[in-house]
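*Asks:* Mind having a look at this structure? Questions to follow.
The values are calculated or read from the model by the stated rules, or taken from the named source; none is laboratory data. Everything numeric in this text was worked out from a predicted model, so none of it was measured. We place every Cβ from the backbone using ideal geometry, glycine too, and count neighbours over all the protein chains shown. Calculation scope for accessible area: heavy atoms of the full protein, side chains included, ligands and nucleic acids excluded. Shrake-Rupley method; radii C 1.70, N 1.55, O 1.52, S 1.80 Å.
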2 protein chains.
Amino acid sequence: MGRARTAVQALTVVLATNLLAAHALDDLVSSPWGWQCEFGRCVKKEIAHQEGLSTLNTCKLTCGSSGALWPIPSQVKIEDQLSLFLPNNIDFQFNCPNEVVNLMNEAGDIFKDNILRYHPEYSDGHVPWTGPWDASTESHILYVNGLVTGDAVSLNLNTDESYQLNVTTSDDFTTATIVAASFFGARHALETLSQLIEYHETSDALMVVAAQIEDSPVFPYRGILLDTSRNFVSVATLERTLDAMGASKLNTLHWHITDTHSFPLVLESLPNMAAYGAYSSRQVYTFKQVVDLKEYARVRGVRLLPELDAPAHVGNGWQWGHEAGLGDLAVCVNQEPWQEYCVEPPCGQLNLANPSMYHVLGQLYVELVKLFSPLDMFHFGGDEVNMHCWNASKEISDWMIENDFGVDEEAYFKQWAVFQQRARELFLEATGEEEIQGVLFTSGLTAAENLENYVNSSQYIIQIWTAKDDPVIKDVLTRGYKVIFSNYDAWYLDCGMGAWVGEGNNWCSPYKGWQTVYDNSPYDIAYSLTGSQHTDLILGGEATLWTEQADDATIDSKLWPRSAALAERLWSNPASGWYAAETPFVNHRQRLVKRGIQAERLQPEWCHQNEGLCYL
Amino acid sequence: MGRARTAVQALTVVLATNLLAAHALDDLVSSPWGWQCEFGRCVKKEIAHQEGLSTLNTCKLTCGSSGALWPIPSQVKIEDQLSLFLPNNIDFQFNCPNEVVNLMNEAGDIFKDNILRYHPEYSDGHVPWTGPWDASTESHILYVNGLVTGDAVSLNLNTDESYQLNVTTSDDFTTATIVAASFFGARHALETLSQLIEYHETSDALMVVAAQIEDSPVFPYRGILLDTSRNFVSVATLERTLDAMGASKLNTLHWHITDTHSFPLVLESLPNMAAYGAYSSRQVYTFKQVVDLKEYARVRGVRLLPELDAPAHVGNGWQWGHEAGLGDLAVCVNQEPWQEYCVEPPCGQLNLANPSMYHVLGQLYVELVKLFSPLDMFHFGGDEVNMHCWNASKEISDWMIENDFGVDEEAYFKQWAVFQQRARELFLEATGEEEIQGVLFTSGLTAAENLENYVNSSQYIIQIWTAKDDPVIKDVLTRGYKVIFSNYDAWYLDCGMGAWVGEGNNWCSPYKGWQTVYDNSPYDIAYSLTGSQHTDLILGGEATLWTEQADDATIDSKLWPRSAALAERLWSNPASGWYAAETPFVNHRQRLVKRGIQAERLQPEWCHQNEGLCYL
């Protein structure tokens, strides 16, 4: 399952000796530096002392076993042929079922915009190409020929995302031939092709390198969790997130839409949810915005997986029941002192004793299905139920006693399980389907003593969010549950900031560096706990951004480039660790920035220009 | 010296019950929420259950002893009078010396743009005010009358930054009267006035509150260090940094322009410095850009303090000497293994044995003086000299022996001191001044055994960057040195990320939360080590952003809002700690975002809307 990044013999791609584009410094003096690929590394050298040096971009594109590709493909060979061309000389030819023609055309437009963005003066779709170019550059055509054999238009766990990409080049034209079984594989191929292209600094043109690639993901579930309840996240930020996911071949945006803090989703049949629960009238998602976002995601190879966390992690947005004559739909909402009723302020849980709560929940599911269908999975949340909250509600404890359930912890666990069963039934009703995969976070319900009583392994996938040495991982794997990893000690991207209640640092500090993210291998974790990699049960994983301390201003830099480290782990699952991936990873960060993502800087630019020299 | 934030009796400013501006959600249902100031806190309540609630912005502007002001002024009284007005109804009248008329006009323009930015739909100077307004709002005028008595046009350690601001209001107009001894005090008053203004959500107008304020800073040096060598920082990012500094009344941008990594400054007489040293021809500062930036800073109350770190922390940019017939200007440049020659890759130090080095250094100072004058201070850097680097250079060790200096550590310290003496003389020559304050980082040279031999307390200010319990603090204070604090355990804003050499977290982890930044009191540190606050010697401090792991994408979020926590510590030096400041600080972060700064989010929006409830 592993793919290794190893140094290969240097390619020699010599293009220029004058390395400066027109700019302030040029008026004074030319840069004395160039680059040469030596043993898979770009080495900065002085032009005066070495002939035939290339530009930095040229070197990065062609040096090493996989050039600038991220994530590393299953099989890749980058050739010693490089051509210059201009962006208006791209010709697409797609051979595909009618169902996917529009998707391919949109993916082609995205591809075009992505390569325009390589120009250092890109601005909002426009770049000032100035030349002058030689005749061969001006006339060189890039033909992109795509053959898609399947007609799937939505992505699920069984989607064939594999592709082949063959780029050959001659004096007059370059041909990129894509073969894929689905649109989703084909758009991955276009993404890979865009990474075989770069801006050539001295000729103000694009360059493309010849290559042969066969590629498919190791894990079918490669995701990001984004929380839009602790802080509101604008549609523009969600779109940037999807742009970067597409650039990294991640395929699932797990949208933790709601929580106790706020309810930003405007639902036609339940307007009070957002009226009471949105932070303001400007901090909401409308029906049209969500549906558009679903499409925005799809053409980038991503499906939206909605979560409605319950029965805990609900609160604001649910306060209108009493005034509507439905009683209290939730209890402990914003209750103080919060420490007694929940894990963080504000508190809130659904009111088990109120049948109207189920009525509203069922209607909510109907709305969610309308928004997000087709859905092959749904995330029920299901984490961090506080039994004291329920028991402190007189309505609930009276109801527990009246129904002879008792009020001990075991009794509440049982009712939680009843809730989950009912929630699943309501969701299935909403979809009209016989079966759908639910996802649940690990919790008291998934603990060894409750697991088999309360959670059916054919109905639910378990998302592991505790640390990689938590015995629950063994408990669920050895009992045959499918799992998704997001263990917080590696894949929680909110960790390491200052505290937001009290002082010091937040609960899951320290910050998880990209090296930690990269080296977190689900198969290795499973093996160390169970003696088996459990490749049949591990669907993949996701990077998790809870937004207590993030909003539009910093979501990009918390998600990226670290989520791209997870992306290579899940797409390629390399046998090697972070050290072998550092140079292309830092380069991928630069690519994300060019695509408008405010990704965190990992190292000084000097390290980017002097590969391998920032070591310990 | 302390000013306390305490809760005061709530002001009652009742303005509206319909809290929703026109937006998607409005079509469905109105928000049920409003706010009421109770014991200095804005409390969210349901309109159906409580009459006379106000909007969130209204409540924030007027609730508590100092409303939304940051940093807290010396004396402040916010009145129970609030007026609505439109931005075109502002009338400036400045009474000031001719020298400062242009500065005041520019500060007025900045003020106007800042209050336009309160509109949630502000975009690039424009906002779609829509109304309808009632007649009193449409006709209400804000008169801003400024009296500036002094003619100072540049800021230094003796500048009087104090101001008085009196805002009174009647049915027809509001008068804001500013009295200040300098332009710098007057622009602070305009900043404070802008914080007495907010957008009123339900009437789509601005609101201003009556107040009386007297204000002056506790510390004369309130800065930010920004490093533009590890990674290049665009002029746009430097400008945003200056915008946010003005918003927080910080007055010094300590510009760590160069280091071993790169030399981004284009100098007319020394073009090779940037040619060899810039990361690329696009990653440079031209003469015009720097001069414009100096002016951009000045109108925002900030002076640029340039640093040319030497004799260590030089390298890239200095490699051209040999080819120019000047010999090696620097040694150990990019030398490997770096661990033997410097603290982080890449290495480099000036070549003590080469007289041409001093020639170039002198010329560099001439260029810096041209760019940055008038200068009352200059930062010589002077940290982290590696004696092994010098001794490993045959040229230097031969020179040491030939001149009978010896080659032991003491000998190198002596030559370092000689270098520093010579550098100071060259700098004074460049300025033509008799005297100028130099600044030096704490280093081996400032250790107790060297301090009085090598560093003259009338010539140098010492910048303390080690931890707050470092005995060097006592050493310098008890010997009468003036100091600037930037102790890394509180004021290094780069800490807490992943490592950039090796794995794990970076050297000064953990991340310094704003609470740590806020509570770091130079007087308290001095008192705990020496038994005296040394108010005569402590000039102030600065938040420090070394950019190994930051560039345009994340400089905003690393600097802000944490630098604003330092700003209140240095402007106001409150007797109270972070807890009392939390609500206005979080609000100031929101203000910075409105001004285009991508400041880090500290808490869920829920905490902002439910003041005081996110506690531990």
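*Asks:* Going through segment B:259-283 one residue at a time, which ones are in contact with a Phe, Trp or Tyr (Cβ under 8 Å, 6 or more places away or on another chain), facing another protein chain (nearest Cβ under 7 Å) and not in a helix (DSSP H, G or I)?
*Replies:* Those that are in contact with a Phe, Trp or Tyr (Cβ under 8 Å, 6 or more places away or on another chain), facing another protein chain (nearest Cβ under 7 Å) and not in a helix (DSSP H, G or I): B:HIS261, B:SER262, B:VAL266, B:ALA278, B:TYR279.
Residues are listed down the side, and each one gets a yes or a no for (1) surrounded by 20 or more Cβ atoms within 10 Å (Cβ to Cβ); (2) on the phi > 0 side of the Ramachandran plot; (3) within 14 Å of another protein chain (Cβ to nearest Cβ):
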{"site": "A:GLU409", "(1), (2), (3)": "no, no, no"}
{"site": "A:GLU429", "(1), (2), (3)": "no, no, no"}
{"site": "A:GLU434", "(1), (2), (3)": "no, no, no"}
{"site": "A:GLY444", "(1), (2), (3)": "no, no, no"}
{"site": "A:ASN450", "(1), (2), (3)": "no, no, no"}
{"site": "A:ASP475", "(1), (2), (3)": "yes, no, no"}
{"site": "A:TRP491", "(1), (2), (3)": "yes, no, yes"}
{"site": "A:GLY502", "(1), (2), (3)": "no, yes, yes"}
{"site": "A:TRP507", "(1), (2), (3)": "no, no, yes"}
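*Asks:* Out of (1) at the interface with another protein chain (Cβ under 10 Å from one of its Cβ atoms); (2) surrounded by 20 or more Cβ atoms within 10 Å (Cβ to Cβ); (3) under 30 Å from A:CYS607 (Cβ atoms), what's the single condition that is false for B:SER486?
*Replies:* The failed condition is (1).
*Asks:* Among the numbered criteria (1) closer than 22 Å to A:ALA68 by Cα; (2) facing chain B (nearest Cβ under 7 Å); (3) touching a residue at least 12 places away in the same chain (Cβ under 8 Å); (4) open to solvent by 10 Å² or more (accessible area, probe 1.4 Å), which one does A:TYR615 miss?
*Replies:* (3)
*Asks:* Looking at segment B:556-566, can you tell me whether even one residue there is facing chain A (nearest Cβ under 7 Å), within 22 Å of A:ASP227 (Cβ to Cβ) and not in a helix (DSSP H, G or I)?
*Replies:* So far as segment B:556-566 goes, no, none of its residues is facing chain A (nearest Cβ under 7 Å), within 22 Å of A:ASP227 (Cβ to Cβ) and not in a helix (DSSP H, G or I).
*Asks:* Would you tally the residues in segment A:596-612 being over 19 Å from A:ALA565 (Cα atoms), open to solvent by less than 10 Å² (accessible area, probe 1.4 Å) and in contact (Cβ under 8 Å) with a residue 24 or more places away in the chain?
*Replies:* Qualifying residue count, segment A:596-612: 1.
*Asks:* Separate question: Find the residue count for segment B:311-366, including only residues that are buried (at least 19 other Cβ atoms within 10 Å of the Cβ), acidic (Asp, Glu) and within 13 Å of chain A (Cβ to nearest Cβ).
*Replies:* Number of matching residues: 1.
*Asks:* Hey, any hits in segment B:241-252 for a residue that's in contact with a Gly (Cβ under 6 Å, 6 or more places away or on another chain) and assigned to a helix (DSSP H, G or I)?
*Replies:* yes
*Asks:* Would you confirm whether or not segment A:86-95 contains a residue that is in contact with a Phe, Trp or Tyr (Cβ under 6 Å, 6 or more places away or on another chain), in a loop (DSSP other than H, G, I, E, B) and open to solvent by less than 20 Å² (accessible area, probe 1.4 Å)?
*Replies:* Within segment A:86-95, none of the residues are in contact with a Phe, Trp or Tyr (Cβ under 6 Å, 6 or more places away or on another chain), in a loop (DSSP other than H, G, I, E, B) and open to solvent by less than 20 Å² (accessible area, probe 1.4 Å).
*Asks:* Of (1) touching a helix residue (DSSP H, G or I) at 6+ places or on another chain (Cβ under 9 Å); (2) closer than 21 Å to A:ASN520 by Cα; (3) more than 12 Å from chain B (Cβ to nearest Cβ); (4) crowded, with 23+ Cβ neighbours inside 10 Å, A:SER572 satisfies all except one. Which?
*Replies:* (1)
*Asks:* Tell me yes or no: at least one residue of segment A:139-154 is under 30 Å from A:LEU537 (Cβ atoms), part of a loop (DSSP other than H, G, I, E, B), touching a residue at least 60 places away in the same chain (Cβ under 8 Å) and more than 14 Å from chain B (Cβ to nearest Cβ).
*Replies:* Scanning segment A:139-154, I find at least one residue that is under 30 Å from A:LEU537 (Cβ atoms), part of a loop (DSSP other than H, G, I, E, B), touching a residue at least 60 places away in the same chain (Cβ under 8 Å) and more than 14 Å from chain B (Cβ to nearest Cβ), so the answer is yes.
*Asks:* I'm trying to understand the selection: among the residues of segment A:529-568, which are open to solvent by 10 Å² or more (accessible area, probe 1.4 Å) and not polar (S, T, N, Q)?
*Replies:* A:LEU529, A:GLY531, A:HIS534, A:ASP536, A:LEU537, A:LEU539, A:TRP546, A:GLU548, A:ASP551, A:ASP552, A:ALA553, A:LYS558 - these are the residues of segment A:529-568 that are open to solvent by 10 Å² or more (accessible area, probe 1.4 Å) and not polar (S, T, N, Q).
*Asks:* Name every residue in segment B:113-127 that is loosely packed, with under 10 Cβ neighbours inside 10 Å and not small (Gly, Ala, Ser), in order of residue number.
*Replies:* Answer for segment B:113-127, where residues must be loosely packed, with under 10 Cβ neighbours inside 10 Å and not small (Gly, Ala, Ser): just B:ASP124.
*Asks:* From the list B:THR583, B:THR547, exactly one residue is in contact with a strand residue (DSSP E or B) (Cβ under 9 Å, 6 or more places away or on another chain), part of a loop (DSSP other than H, G, I, E, B) and of a type outside the set (D, E, K, R). Which is it?
*Replies:* B:THR547 is the lone residue from the list that is in contact with a strand residue (DSSP E or B) (Cβ under 9 Å, 6 or more places away or on another chain), part of a loop (DSSP other than H, G, I, E, B) and of a type outside the set (D, E, K, R).
*Asks:* Considering only residues that are acidic (Asp, Glu) and in contact (Cβ under 8 Å) with a residue 40 or more places away in the chain, which ones fall in segment B:531-589?
*Replies:* Within segment B:531-589, B:GLU542, B:GLU548, B:ASP551, B:ASP552, B:ASP556, B:GLU568 qualify.
*Asks:* Next question. Tell me, yes or no, whether segment B:593-605 has at least one residue that is out of contact with any Ser or Thr (no Cβ under 9 Å at 6 or more places or on another chain), assigned to a helix (DSSP H, G or I) and within 7 Å of chain A (Cβ to nearest Cβ).
*Replies:* Checked segment B:593-605: at least one residue is out of contact with any Ser or Thr (no Cβ under 9 Å at 6 or more places or on another chain), assigned to a helix (DSSP H, G or I) and within 7 Å of chain A (Cβ to nearest Cβ).
*Asks:* Take A:VAL179 and tell me if it is more than 14 Å from chain B (Cβ to nearest Cβ), surrounded by 23 or more Cβ atoms within 10 Å (Cβ to Cβ), in a strand (DSSP E or B) and out of contact with any Lys or Arg (no Cβ under 7 Å at 6 or more places or on another chain).
*Replies:* no
*Asks:* State which residue is surrounded by the fewest Cβ atoms within 10 Å (Cβ to Cβ) when the search covers only segment B:229-258 and only residues that are more than 30 Å from B:GLU191 (Cβ to Cβ) and within 9 Å of chain A (Cβ to nearest Cβ).
*Replies:* So, considering only residues that are more than 30 Å from B:GLU191 (Cβ to Cβ) and within 9 Å of chain A (Cβ to nearest Cβ), the one surrounded by the fewest Cβ atoms within 10 Å (Cβ to Cβ) is B:ARG230.
*Asks:* Conditions first: (1) of a type in the set (A, V, I, L, M); (2) over 19 Å from the mean Cα position of the chain (by Cα); (3) open to solvent by less than 10 Å² (accessible area, probe 1.4 Å). A:VAL266 passes all but one, so which condition is the exception?
*Replies:* (3)
*Asks:* Sticking with this one: If A:ARG300 passes every condition in (1) in contact (Cβ under 8 Å) with a residue 60 or more places away in the chain; (2) part of a loop (DSSP other than H, G, I, E, B); (3) away from chain B (no Cβ under 13 Å); (4) touching a Phe, Trp or Tyr at 6+ places or on another chain (Cβ under 6 Å) but one, which one does it miss?
*Replies:* Only one criterion is unmet by A:ARG300, namely (4).
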